[in-house]
Structures are given as C-alpha cells and as structure tokens.
Amino acid sequence: MEIVRRQQLKEKPAKGTQLGFGHYFTDYMFTMKYTAEQGWHDAKVEPNEPKSFDLATSIFHYAQGIFEGMKAFRQPDGTIAVFRPDENWARMNRSATRMCIPNFPAELAEEGLETLLKLDADWIPTDPGTALYIRPTIVVTRVMLGVHASTEYLFFIILSPVGSYYAHGLEPTKLIVEDKYTRATIGGTGEAKCLGNYAASMKAGEEAEEKGFDQVLWLDANEKKYVEEVGSMNMFFVIGGEVVTPALVGSILPGITRKSCLQVLRDKGIPVTERRISIDEVLAAQKDGSLDEAFGTGTAAVISPVGLIRYKDVDYTIGGGKMGPITKMLYDTITGIQYGTAPDPYGWRKIVR
Ligand code: COI
C-alpha cells in the first residue's frame, strides 16, 4: 500500500480533553478511486488535507453516497483492536448495491484501514469511554448533473478520536416519538447507510432538541404505529423479562451492535425476540409496570439507556430514569470485548498488527 507522508504532524487533543463526537481528525486518511475502466484503484494512505471538487460534482446535488461507522480501541497490552470490521465492510457493500455504487474489495479496504491505524496509532484516546471513530465513506465524484448512476467514485476513510456521542454521557437519554415526519419507508433506503437518510432526519431532530430531547424515536411510515429506530441507534425494550427489538423489515438499519447484543442475550439464555412492536404496546407496558428497561445500540452510541419517552405530549419514565440490569450487562459485555478487558469468546476483536 502506497503511503504519502506528512511534513508535519498535527497537534493532538491533550489527554483529558472532552472530545465530544467528530470534532478532531487525525493526520492521515485512506483513499481509493473507482472508474469504469480501472475499477477500484490508486489505493493509498495520504495526509488528511482538504480536497477540492467542482461544484457540479454529482455528490453535491443528488447525495449518491454511503458511509459506515466503526471504532478502534487501545488494548491493555498496547495493541489496537477494531470491533467486527468485516460486518461493516459487508454492510457497506450492501448499501453500495442499493445506491448503484460499485462494490469494493473488502480486503483492500481492510488493508487500507490497518495501514492507516498504524500510522495514526498515537491518536487513539485512552481516557475511559473514548475510542478512535472510523468513518469509511464512498461518494460519487463525476461532474455531471444528469440523474444517473455514475462511473466515478471516491472511497475514503477518515479517523476521529471521540468521547461519548451524547453530551450527557451514559445518563439515560430522552426520546420523543415522531408522529409527523418519516425517516424511511419499506422499499426506500432506510436499511442502507446512505447520506440522505441522515439529512432527512434533521428537521425532526432539530424540533426534538428545541423541546429538550436527545433524539427522535421513529415510527413506521405507513401506519405511524410500529417502533422503528432512533436514526443513530437501534432500539430494545425489556418487557416482563423478555427483550424485544423491532424486526429488520427493510426500513431499519441492520446495526452491528444490535446484532452483537442479540447474540449475547441468546447465549445468556435471556428471552429475546425480533418482531414488530407498536408504540402503544411499549407504553401500555410502561403503564402496567412491565416495561423494565429501554435502550439503544449503535457504534457511536454504544449501549445507551433510555430514561424517558414522550408520545403525544405525555412523558413516560422508564426504569426510574436509571440504567437497568440488562442494559448494564450488555454495556459491560460489549465494551469489555471492545476495550480488551474481558474475554472475546466470539472473535469480535480484530487486532491490528
Ligand atoms: C454510528 O453509530 O457509527 C453512526 O453512523 C450513527 C451516527 C453517528 C450517524
């Protein structure tokens, strides 16, 4: 893999800095290009510097682009581990297919990522709860205003040292059920990790924030009845000792943290089902006292307890507004594997050597 070195390294955030999410970027990035003639080519690690693009480039007009989110963790023995990258490459290629972007060789992306991580290793933060967030992205680069799939793309990976996704850390989040706007519909792009999904969610997100909520809890587009996801997290509810998460019906992102939690729950013999679950069922359980816990899962959000849900102007408190035992068990199990402080029976840690 070609490496283009920087003349001078950037200044890193000091230990103890509140990193937040996605404010700092490392010295290097991985890039590769696609053209119809050459396929994916010109893979290299190069300085993370601004690039310039013609304003007629298709990405600025039609958002034909996809991304992923992963994390790298410094291990107690000094090595670097990435959590389940093969799952992300596979999902990224599924998103690519949905968005008419040519699939890429996962081995090449992995080699690029590992080369990049070795060069930027000193950027991996070590304060508790921090990690190096990995953002692989593909955008169309053809200069063209016709609405057609293109023949030119750029794949890049940038890295960002991050703290917790929510400003309040592990304090339970407050969600507001969205019954006006829609995030995704079956047959749309909801299960692909494409740029437009996130743009489409911003209006509802902003209105939620104005009312003092962290995020929006999306319902299905057709009936506004079934719980879907939170946009940055998949949702789980613990009702009468059973864990329920919305089934992947086509409009929900198939989260890798979600999939990992399902496996841990099943292996521990905790009853868990993937099915459609209506907001009425969730709130009826809150009213009769059987809704023990609610939490969200995601790469950025990890496992985030949900302490309050507002629906049609009524607030429903969950689990006394505290993190419940199943949420805590999953948080400890997943982060134990990620940070290398617990055994990894599933082989989910990929050590970068
Ligand atoms: C992630 O969890 O990695 C995401 O992509 C969610 C969000 C930060 C956009």
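The values are calculated or read from the model by the stated rules, or taken from the named source; none is laboratory data. All of these numbers come straight from a predicted model, not from anything done at the bench. Note that we place each Cβ from the backbone using ideal geometry, even for glycine, and neighbour counts take in every protein chain shown. Please note that ligands, DNA and RNA were not included when accessible areas were found on the heavy atoms of the full protein model with its side chains. Shrake-Rupley method; radii C 1.70, N 1.55, O 1.52, S 1.80 Å.
Across segment 20-46, the qualifying residues are those that are small (Gly, Ala, Ser) and over 14 Å from residue 111 (Cα atoms), and the one among them that is surrounded by the fewest Cβ atoms within 10 Å (Cβ to Cβ) is 36. Taking segment 192-220 as the range and being in contact (Cβ under 8 Å) with a residue 24 or more places away in the chain, outside any loop (DSSP other than H, G, I, E, B) and more than 23 Å from residue 97 (Cβ to Cβ) as the test, the residues that pass are 204, 205, 208, 215, 216, 217, 218, 219. Of all the numbered requirements in (1) more than 23 Å from residue 346 (Cα to Cα); (2) of a type outside the set (A, V, I, L, M); (3) away from the ligand (no atom under 15 Å from the Cβ); (4) open to solvent by less than 10 Å² (accessible area, probe 1.4 Å), residue 210 misses one, and that requirement is (4). Any idea which residue in segment 221-235 is nearest to the ligand (Cβ to nearest atom), counting only those that are farther than 21 Å from residue 331 by Cα and in contact (Cβ under 8 Å) with a residue 40 or more places away in the chain? Among those residues, the one meeting the criterion is 228. If only residues of segment 278-301 that are surrounded by 22 or more Cβ atoms within 10 Å (Cβ to Cβ) and among the hydrophobic types (A, V, I, L, M, F, W, C) are counted, the one that is farthest from the ligand (Cβ to nearest atom) is 291.
Scanning segment 124-153 for residues that are more than 16 Å from the ligand (Cβ to nearest atom), touching a Lys or Arg at 6+ places or on another chain (Cβ under 6 Å) and not hydroxyl-bearing (Ser, Thr, Tyr) gives 124, 152. Among the residues of segment 307-331, those identified as open to solvent by less than 40 Å² (accessible area, probe 1.4 Å), under 30 Å from residue 23 (Cβ atoms) and either in contact with a His (Cβ under 8 Å, 6 or more places away or on another chain) or away from the ligand (no atom under 16 Å from the Cβ) (or both) are 307, 308, 309, 321, 327.
Restricting segment 62-82 to residues that are away from the ligand (no atom under 16 Å from the Cβ) and open to solvent by less than 90 Å² (accessible area, probe 1.4 Å), which is nearest to residue 95 (Cα to Cα)?
Per the stated criteria, the residue is 64.
Residue-level analysis places residue 248 outside the set of residues that are of a type outside the set (Asp, Glu) and under 28 Å from residue 130 (Cα atoms). Of all residues in segment 8-33, those satisfying the criterion of being more than 25 Å from the chain's Cα centre (by Cα) and modelled with pLDDT of 95 or more are 8, 9, 10, 11. Take segment 4-16 and flag every residue that is in contact (Cβ under 8 Å) with a residue 60 or more places away in the chain and either closer than 23 Å to residue 69 by Cα or surrounded by 13 or more Cβ atoms within 10 Å (Cβ to Cβ) (or both). The answer is 12, 13. Listed by first and then second residue, the pairs linking a residue in segment 236-255 that is charged (D, E, K, R) to a residue that is open to solvent by 10 Å² or more (accessible area, probe 1.4 Å) and not in a strand (DSSP E or B), with Cβ atoms under 9 Å apart and 6 or more places separating them unless they lie on different chains, are 242/270; 242/271.
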